[in-house]
Structure formats: C-alpha cells, structure tokens
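Q: Let me begin by handing over the structure; questions about it come next.
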Amino acid sequence: VERTLKLQLVISTVLLLALLLLVAFLSFPDSFTIQEGGAELTLFHPYICSIVGLVSGLFIAAFTEFTTSHAYSPVRGLADSCRAGAASNVTLG
C-alpha cells in the first residue's frame, strides 16, 4: 500500500505541474504588474510559485512517511526502545 501511495503522489504532482503550466498560459497575459510601479512579471512567476508549493508538499510527505512509517528505522528504533519500559520511550520519543 505504501509504495502505491508514494507512486500516486508523484504521478499526481507531475500531472498537476503540466496542468498548471497550461492554466498559466491560458489565464495570465505575457507580462503584467501586480501594482502600479511594481516589477513586471511574466506568466512563469505564478507557475514557479506553484512548482515550489507542489515540490515542497512532495518533500514534506516523503519526510513524514520516513519519520512515521514502521517500514523505516526511526519508528522501528523507537518501538524497540519501548521494550525496555516507558521511560526510554519518553526519552527517545
């Protein structure tokens, strides 16, 4: 199940990146300013913000999976320390 969810997360991120590029081309003019006298922006500026958000979400999901899944060593080490008693669980966890 974990492998399937990871693959689904990566595939959905890649598909959203492609779809957002299309939306950026259809929604934004070639160049625009947010406020008068501000910097001139292109349609790639909002797209880059979307890329950063999606890739950050991917990294956060991967880190969360690593630190909370029983398939990886941090959780297994904590579970093994619980055999010694509650105090070691509190200290390590």
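Q: At what distance in nm do the modelled label points of S73 and L7 sit from each other, each positioned 7 Å from its Cα along Cα→Cβ?
A: 2.7 nm
Q: Just want the answer: with Cβ charges of +1 for Lys and Arg and -1 for Asp and Glu, which residue in I34, S50, T91 is farthest toward the dipole's positive end in the chain?
A: Highest projection toward the positive end goes to T91.
Q: How long is the chain along each principal axis, judged by its Cα atoms, biggest number first, in Å?
A: Each principal axis gives a Cα extent; for the chain these are 65, 32, 12 Å.
Q: Then there is this: Which of I51, I34, I11 moves most in a GNM of the chain, Cα contacts under 10 Å?
A: The residue with the greatest mean-square fluctuation here is I34.
Q: May I ask for the angle, rounded to the nearest 10°, between helix 44-68 and the longest principal axis of the chain, with both axes built from Cα atoms and the value confined to 0 to 90°?
A: So the inclination is approximately 10 degrees.
Q: In addition: Send over a whole-number figure in Å² for the accessible area per residue of the stretch 31-93, probe 1.4 Å.
A: 73 Å²
The values are calculated or read from the model by the stated rules, or taken from the named source; none is laboratory data. Predicted model only: the values in this text are computed from it and were never measured. Cβ sites come from the backbone with ideal geometry, for glycine too, and all protein chains shown count toward neighbours. For accessibility, only protein heavy atoms count, side chains too; no ligands or nucleic acids. Shrake-Rupley method; radii C 1.70, N 1.55, O 1.52, S 1.80 Å.
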